[in-house]
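The values are calculated or read from the model by the stated rules, or taken from the named source; none is laboratory data. In this text, all values refer to a predicted model and were calculated from it rather than measured experimentally. Neighbour counts are summed over all protein chains in view; Cβ atoms, including those assigned to glycine, are modelled from backbone coordinates with ideal geometry.
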Amino acid sequence: MRVAVFRKEHFNAAHRLYRKDWDDKKNAEVFGLCSNPLYHGHNYYLVVKVTGEVDPETGYVLDLKILKDIVREEVLEKFDHRNLNEDTEEFRNLNPTAEHIVWVIYEKIRKRLDEKFDLSVRLYETERNFVEYPA
Ligand code: NI
């Protein structure tokens with residue numbers, strides 16, 4: 001029997017959407033308010049979904065404590081209360097759009113999870129705008 005288990009988390013972070021190879025005018029045209037040079041913050045909500053077989057011995061897909069620790073170490077400790085552009089290696093040269101952030105988070109969690117599990121990650125940048133990877 002396959003079941004999906006979920007862990008919800010949230011973190012606060014600042015970012016600015018821009019390309020270094022474009023000037024401020026072009027960045028403002030393409031990214032609008034999100035390209036404000038002095039940055040702005042979001043309350044990001046994260047939903048991590050792990051799907052797998054229920055272990056007949058434990059009745060678990062995986063112990064959610066393990067997933068909680070992975071998300072804390074890989075995401076919250078790295079991104080919570082940070083400026084994504086300035087304070088993180090991951091986004092020093094990668095525009096911190098929700099699309100790129102969800103992909104980075106997916107890759108970090110994927111490396112820590114057994115291959116037997118399927119993983120997908122949903123990231124809410126606002127209540128109404130969210131992304132999911134893989135699509
Ligand atoms: Ni933004």
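A few notes on this one:
- Segment 43-53, subset in contact with a His (Cβ under 7 Å, 6 or more places away or on another chain) and crowded, with 16+ Cβ neighbours inside 10 Å, residue nearest to Asp69 (Cα to Cα): Leu46
- Of all residues in segment 1-16, those that are within 30 Å of Pro37 (Cα to Cα) have Cβ atoms under 6 Å from Cβ atoms of residues that are basic (Lys, Arg), 6 or more apart or on another chain, in Ala13/Arg82.
- Residue within segment 84-93 that is part of a helix (DSSP H, G or I) and crowded, with 17+ Cβ neighbours inside 10 Å present: yes
- Among residues of segment 32-80, those that are within 16 Å of the ligand (Cβ to nearest atom), at pLDDT 95 or above and either out of contact with any strand residue (DSSP E or B) (no Cβ under 9 Å at 6 or more places or on another chain) or among the polar types (S, T, N, Q) (or both), counted: 1
- Exactly one residue out of Glu77, Glu57 is surrounded by fewer than 15 Cβ atoms within 10 Å (Cβ to Cβ) and part of a helix (DSSP H, G or I): that is Glu77.
- The set of residues from segment 60-74 being surrounded by 16 or more Cβ atoms within 10 Å (Cβ to Cβ) and of a type in the set (A, V, I, L, M, F, W, C) comprises Val61, Leu62, Leu67, Ile70, Val71.
- Within segment 22-54, the residues that satisfy the criterion of being of a type outside the set (Asp, Glu) and in a helix (DSSP H, G or I) are Lys25, Lys26, Asn27, Ala28, Val30, Phe31, Gly32, Leu33, Cys34, Ser35.
- Within segment 1-31, the residues that satisfy the criterion of being within 15 Å of the ligand (Cβ to nearest atom) and surrounded by 14 or more Cβ atoms within 10 Å (Cβ to Cβ) are Phe11, Ala13, Ala14, His15, Arg16, Leu17, Tyr18, Asn27, Ala28, Phe31.
- Looking only at residues in segment 115-126 that are touching a Leu at 6+ places or on another chain (Cβ under 9 Å) and either without any contact (Cβ under 8 Å) to a residue 12 or more places away in the chain or within 23 Å of His15 (Cβ to Cβ) (or both), the one that is surrounded by the fewest Cβ atoms within 10 Å (Cβ to Cβ) is Arg122.
- Among residues that are closer than 25 Å to Asn36 by Cα and within 16 Å of the ligand (Cβ to nearest atom), Asn93 is not included.
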